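Note sheet for the following structure.
The values are calculated or read from the model by the stated rules, or taken from the named source; none is laboratory data. Predicted model, so just to flag it, every value in this text is computed and none were measured. Quick reminder, even Gly has a Cβ in these numbers, built from the backbone with ideal geometry, and neighbours come from all protein chains shown. With ligands, DNA and RNA removed, areas are computed over all heavy atoms of the protein, side chains included. Shrake-Rupley method; radii C 1.70, N 1.55, O 1.52, S 1.80 Å.
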Amino acid sequence: MTPPRATTLALTAALFMAGCGTDQQTDTTAESAAASASSAATTGAEAAPSDRTAVQAGRSGCIKVPNVVGKDHQLAQDTMQAAGLYFLDEKDATGQGRLLILDRNWIDVRQVPRAGSCVAPDTRITLYAKKDHE
């Protein structure tokens, strides 16, 4: 006979797995988007400017780096992430090696790579900041 604890664990695992379902809906949505893009390309229909940028970035793996110099550090990070750039590094621009703990108390004064550069989504973006009023 199976111990009660083992039975409970087996039943819990079975229920958990049954609730997971499949990714059929996600796959169908991706296929629909691909079919729409394909039909738009074959019919000559033009995409909206933001759609064109996303399609171009997807094809070439290129994302245009936004200019965040002069913005507070939190807004600069949010701007980079909105552009699809998530590999962010931060440094104290004074060379003192301080940690940027409260991002809103810092202003970005330099960025590498430069604004307008075309980079891959996994490119490291380094933001150099000074504390407010420095």
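Below are the figures for this structure:
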{"item": "Efficiency of FRET from Cβ geometry, Leu88 and Val109, R₀ 22 Å, rounded to 0.05", "result": "0.90"}
{"item": "Probe 1.4 Å, accessible area per residue of the range 65-134, Å²", "result": "59 Å²"}
{"item": "Relative packing of 70-77, 120-127, which averages over residues the other C-beta atoms within 10 Å, highest first", "result": "70-77, 120-127"}
{"item": "Top positive-direction residue, dipole computed over the range 58-134 with Cβ charges, set Ala120, His73, Leu85", "result": "Ala120"}
